[in-house]
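Reading through the structure tokens given below for one structure.
What follows draws every value from the coordinates through simple rules; no lab data is involved. Note that this is a predicted model, so its numbers are computed, not measured. FYI the Cβ positions are ideal-geometry reconstructions off the backbone, even for glycines, and counts take in every protein chain you see.
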Amino acid sequence: MRLKTRTKSSDRQATHYLLTGAAGDYARTLVSQTKFSPRVSPSILCDLNTAAVVEMCTDIGISADRFAIATTTSEVSKIVESGKIAIVSSLDNVPDHAYDVLVEATGSPEFGLQASVSAIESGKNVAMVSKEVDSVAGLALKRLALDHGVRYEPALGDQPANLINLCRWAEEIGLDIVAVGKSSEYDLVFDHSDNSIQFLDSTATIKGFEDLWHLDEDIKSTLSKRAEMLREFEMAPGADYCEMSVVANHLGLSVDTPEMHYPVLRTTELADAYALEEDGGIIRNEGCVDVFRALRHTDEPSFAGGVFIVARTEDKFTWDILRTK
């Protein structure tokens, strides 16, 4: 059941966005969904591979008379002014009046920085999707945007912006934040029937791992044993470091340890593990950012790279209510 009929948004009412990295996966999800939004609409799609952008537009159901490739400034202006989408391979020929907000999604620190600076200095807002750009230059771009009276923000929907908003909400209602973070992108899936662990395409039988399924009173000891048993499952946490850098920069937070802890945890164990050491947890410095490796059973839902905060309040009655939830 739908609450309302989906109709194409009016170009006259919508905020028009310029999207870089338009042939990427994120771009497809954005363009395909904003077809139904009355608030935002694409006016320019930029990517070196314009043929791939054309294919994407066609594949998601945008009719061929609604977009066109442009190679000059006048062509871009003519296409946009006619209410169509201009597809370009460079920003060199994009006039300022052709869009309202830049959505940067290339993942290229150099290009993304240049595109963002140009947009901000032209009086445009910037929604940053590229964690690679934000982790390197986000604070500088934020200051530049303030100087020009526009906004620069991580784009909602991805982990950094979601976690930043969650933390700001917690602070607004007065929660005392102990730790914040996300899970790594892929879970460790345990099958009790044969004591096997699956991680991506790798599966191994880990004898004795069932004895570590629950945290005992010595949380650090259990986590150390889990890490030792699972050492063969290698990670590539570069994206995690980028995303947590974005969060730390925007919120003024830090890490508890330079490499982050990366404990192997079930969802129900987060609050116990991410407590201060004096409370039995692993955290030395309150208000840190971190990443955990999600452990789950075969029939449990994935944490899916999602975000979390661990917070506390002083009122026991409040916690008793929350515990029942």
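A simple packing score, the average count of other Cβ atoms within 10 Å per residue, orders the peptides 93-100, 168-175, 238-245 as 238-245, 93-100, 168-175, with the highest score first. If you plug the beta carbon distance of Glu259 and Glu286 into 1/(1 + (r/R0)^6) with R0 = 22 Å, you get a FRET efficiency near 0.70.
With the dipole of the chain worked out from charges on the C-beta (+1 for Lys and Arg, -1 for Asp and Glu) around the Cα centre, which of Ser245, Thr72, Leu91 lies farthest toward the positive end? In the chain, that residue is Thr72.
In terms of packing, defined here as the mean over residues of other Cβ atoms within 10 angstrom, the peptides 182-189, 132-139, 68-75 line up highest first as 132-139, 182-189, 68-75.
Taking the helices alone, the chain has a mean residue ellipticity at 222 nm of -10500 deg cm²/dmol, built from -39,500 (n - 2.57) per DSSP H run of at least 4 residues and averaged over all its residues. Beta-bridge orientation, the chain: approximately 25 percent antiparallel, per DSSP, counting only bridges with both partners inside.
For the peptides 106-113, 160-167, residues were scored by their other Cβ atoms within 10 Å and the scores averaged per peptide; the highest-first order is 160-167, 106-113.
In this Cβ point-charge picture (+1 for Lys and Arg, -1 for Asp and Glu), the range 141-298 has a dipole of about 480 debye about its Cα centre. Inter-part distance, the range 250-281 to the range 207-225, computed on C-alpha centroids, equals 16 Å. The residues neighbouring Val264, those whose beta-carbon lies less than 9 Å from its own, together hold a net charge of +3 under the Lys/Arg +1, Asp/Glu -1 convention. Across the range 183-325, Cα-Cα pairs farther apart than 18 Å form 59% of the total. Using θ = phi - 60° in the Karplus curve 6.51 cos²θ - 1.76 cosθ + 1.60, the 3J(HN,Hα) couplings for the range 274-287 round to 8, 9, 5, 4, 5, 9, x, x, 10, 8, 8, 10, 5, x Hz; x is entered for Gly and Pro.
Values [x] -0.92, -1.17; [y] -0.83, -1.21; [z] -0.83, -1.10 are given for comparison; log10 I(q)/I(0) by the Debye sum over Cα atoms at q = 0.11, 0.14 Å⁻¹, derived from the coordinates here, is the one labelled [z].
In the structure shown, do any of Lys182/Lys207; Lys78/Lys142; Lys131/Lys182; Lys131/Lys325; Lys84/Lys131 have a Cα-Cα gap over 23 Å, and if so which? Pairs exceeding the cut-off: Lys182/Lys207; Lys78/Lys142; Lys131/Lys325; Lys84/Lys131.
Along its three principal directions, the equivalent ellipsoid of the range 99-180 from the Cα gyration tensor extends over semi-axes of 25, 14, 11 Å, largest first.
Given Cβ point charges of +1 (Lys, Arg) and -1 (Asp, Glu) and nothing else, what value in debye, to the nearest 20, does the dipole of the chain about its Cα centre take?
1560 debye
Going by a ≥ b ≥ c, the root eigenvalues of the Cα gyration tensor, does the range 41-88 fall in the rounded group (a/c under 1.5), the prolate group (a/b larger than b/c) or the oblate group?
oblate
Of all DSSP bridge pairs formed entirely within the range 173-287, close to 90 percent run antiparallel. Beyond 22 Å, the tail of the calculated P(r) for the range 29-138 holds 30 percent of the Cα pairs.
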